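Structure, as structure tokens:
No value in this document is a laboratory result; all are computed from the given coordinates. Quick caveat, the model's predicted, so the values are computed rather than measured. Heads up, the Cβs are rebuilt from the backbone with ideal geometry, glycines too, and the neighbour counts pull from every protein chain shown.
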């Protein structure tokens, strides 16, 4: 009979991953369910999702001694406390550690080693942990206050460039034709109406980012400018972390998110700018080694042996 087990959770906005494992890391089960965003979903929904995942995983509640969870919406203190209380109530014998979702993503990305993670999907954020264990994040302030270099930002800049071209004070760009096809109209007012009436305008704008990559590959100068600027914004996040953390010269930079699919421009420019602005850096840019929920498991293992 197993006397001590661990639970690791990645409670993301889109889905929730749960691992049940032994202290040596041997998996007992791995399940996936609906997303839990602490900021946008009510506690009753969290509880329903967590109860279903624990049941599906066959977790022996009495044996769980440690829970490590990363959660989207962590920055809201009242919601964070409620989620911690829920986990403690569901697994009363366990020590509970709740972390930001980016913290467990970083842990998995670098395998627990010092390094930096740059997430550029619908939004953008970077985080790093140094050799002293200090954790720092930059960016990630949402579409109203930031998210520069993200898919949302790229889509927004595409529409701005198209509007400038339409009004005659910006350069001509193929993006206008492409957006006309996407929105089914050449009336920019209808584009704006669709955006302002969208339930999730940031996701709608992020869906336009692949158009910018396509136009750039076809030689459109405005599209190239947007992608170069996106790469520069993302490189700036890495530089800020490197200047404030005690990182080794060969620290890895891990990249996650759809923006990085435009390797010919975004990734190449990003690598160039990081190397230029951090001349002592000898590391590499690479995909994550492990998933966020596996990162949570690494932390839970350290909690057991601490």
Taking the range 115-286 and dividing mean pair separation by its residue count, relative contact order in percent (alpha carbons under 8 Å, at least six apart): 30
Arrange 141, 260 by Cβ neighbour counts within 10 Å, fewest through most, would you? 141, 260
Consider the candidate values [x] 1.03; [y] 0.97; [z] 1.38; state which one is Rg/Rh (Cα atoms, Kirkwood Rh) computed from the structure displayed. [x]
If I fit a long axis through the Cα atoms of helix 188-197 and take the longest principal axis of the Cα atoms of the chain, what angle between them do I get, 0 to 90°, rounded to 10? 20
So, in Å, what gap is there between the alpha-carbon centers of the range 1-47 and the range 49-68? 7
Tell me the angle of helix 77-90 to the major Cα principal axis of the chain, expressed in degrees between 0 and 90 and rounded to the nearest ten. 40
How far is helix 292-305 tilted off the main Cα axis of the chain, in degrees rounded to 10, range 0 to 90? 30
